[in-house]
Amino acid sequence: MTISSVRFLKATAVAVVFVLSAFPSLMAQGDDPAPSPGFTGVSLKVQSATIPPRGTYQYQLMLTEPKPIGNGSARPTMPSGSVSGISLNDPIGQTAGVAVVSDSGILINVSSPRGTFGTSPDLDYPIITIAETIPPDALVGSRFPASIDLPSSLFLDPLGQPYPTEVAPGTLTIGGNTAISNIIPGSGFQHAGTTISILGMGFDATSTVNMAGLNLTAADYQLVSPSQIDVVLPQGILMDGERIRVKTSGAVVTYFSYLRAQQIGVSGHALVNQCYPLFARAKYLSAGLNWSRGGTTFTALAIQNPGSLTAQITLQMISASGQVLDTANFPVTPASKITRDLTDFFAQPSPEAVAVRVTSDQPVQMLGLLGNDATGIVVPVFVSAP
């Protein structure tokens, strides 16, 4: 049985979206085409990969040359599976987004206020990755296209003007026996002597490890099992977006790391439960978020704790005059995140409420989500520092 397909979701012109879906009936043939020489717009490329059944495939959307993107809209096409993670790569970590993950596909809205998205000078780094698990019954030898749907794609420069866009598609081939599924810890600055665990499958005594920016030797890593290699860092490194390659006697696999935080609980709002927040790298002890609501519009809040200590969070519902109308408290454990409609915290909010104030006793990442139940679209909203 081959990988099942997912239908595309439709986005409105006002949404900035990446949409994931799959067309397994369209088998890729031949080599990947190259971008046109001298193209002046956004030239994209999707990396090809060979991944075994039960392995993790990381879709990697690359730029062939740096291009500042303020916002973008695209429909990536790739075989469907169980999505285990999504990340954005910004060289200075100031881009944020939100994915809506449903049975119909994935929508990701991206915002880069300073236009730093897409400006990394290292073209080996993707602007977006999507990790998914290949079904155990995927047919070995099957080949599937991995690309974007250009007619449904839109990339805007920092002034809001659209770029012309082209793409060189890649191919996912089902086969081999090696894959990387996760990196722990996968984010933050990790000091020399820290153990980094590479999780996956197909690792053996021939496996060698390469991490961008580090000069690893065989003494720096150890095969723990066919599903784990541990690396002791010889020097400190920022793990967000770090490129890790594992080479065995029969394969080379590449993975870009990020924090895959554990979701805490669920929201009472169905659309919020479908949201996958994509945080900028900034951390806060306090911040504010405007509360927009009415009709089918709602505001949600996502908090992620990348630290090693539990963060105690306090929310205050605020009026236009600055009066505190209500308070809510809750913990966020290490390497975890919570995503809730504000009405999950304040079930009967005062009509005078216009904002929430968020404080934490540990540095955490925060992101507002502005959604519309009528359209199913959710966009990221940056919190404001005090």
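The values are calculated or read from the model by the stated rules, or taken from the named source; none is laboratory data. Because the structure is a prediction, the values reported are computed rather than measured. So basically every Cβ, Gly included, is an ideal-geometry build from the backbone, and we count neighbours across all protein chains shown. Just the protein is used for accessible areas: all its heavy atoms, side chains included, with ligands, DNA and RNA removed. Shrake-Rupley method; radii C 1.70, N 1.55, O 1.52, S 1.80 Å.
Calculated accessible area for region 222-375 comes out at 44 Å² per residue, all protein chains present (probe 1.4 Å; ligands, DNA, RNA ignored). Under the simplified labelling scheme, the S350-F39 pair shows an inter-label distance of 5.5 nm, with each label point 7 Å from Cα along Cα→Cβ.
Note on the chain: lysine pairs with Cα distance below 23 Å, sequence gap of 8 or more or different chains, count 4. With contributions of -39500 (n - 2.57) from each DSSP H run of at least four residues, the per-residue ellipticity at 222 nm computed over the chain stands at -500 deg cm²/dmol.
Taking the convex hull of the alpha carbon positions in region 277-316 and averaging its projected area over all directions gives 3.9 nm². Measuring r between the beta carbons of S82 and D137 and using R0 = 22 Å, the FRET efficiency lands at 0.95. Above 22 Å, the calculated P(r) of region 223-298 contains 54 percent of its Cα-Cα pairs.
For every other residue with a beta carbon closer than 14 angstrom to the beta carbon of P226, add +1 if it is Lys or Arg and -1 if Asp or Glu, then tell me the sum. For residues surrounding P226, the net value is -1.
Sort region 230-351 into rounded, prolate or oblate with this rule: let a ≥ b ≥ c be the square roots of the eigenvalues of the Cα gyration tensor; rounded if a/c is under 1.5, and if a/c is not under 1.5, prolate when a/b is larger than b/c, oblate otherwise. Prolate, since a/c reaches 1.5 and a/b exceeds b/c.
Of the two radii for region 295-367, the radius of gyration is 0.99 times the Kirkwood radius, both from the alpha carbons; that is the Rg over Rh value. Compared with the direct C-alpha span, the chain from V101 to R243 gains 48.6 nm at full extension, assuming 0.36 nm per residue. Of interest is the spacing of the C-alpha centroids, which for region 283-354 and region 194-247 amounts to 38 Å. Between S152 and A192, residue separation times 0.36 nm minus the direct Cα-Cα distance comes to 9.9 nm. The Kirkwood radius of the chain, taken over pairs of alpha-carbon atoms, gives through the Stokes-Einstein law at 4 °C and 1.567 mPa s a diffusion coefficient of 60 µm² s⁻¹. For region 90-143 and region 56-75, what is the separation of their C-alpha centers, rounded to whole Å? After rounding, the separation between the Cα centres reads 7 Å.
Per residue, the accessible area of region 115-220 comes to 41 Å², computed with a 1.4 Å probe over protein heavy atoms only. As a length-normalised measure over Cα pairs under 8 Å and 6 or more apart, the relative contact order of the chain settles at 17 percent. Between Q323 and D122, full extension at 0.36 nm per residue minus the direct alpha carbon distance yields a gain of 67.5 nm. Using a probe of 1.4 angstrom, how much of the accessible area of the chain is carbon and sulfur, in percent? Heavy-atom surface of the chain belonging to carbon and sulfur, 1.4 Å probe: 53 percent. Evaluated with a Cβ-only charge set (Lys, Arg +1; Asp, Glu -1), the chain carries a dipole of roughly 140 debye about its Cα centre, given to the nearest 20.
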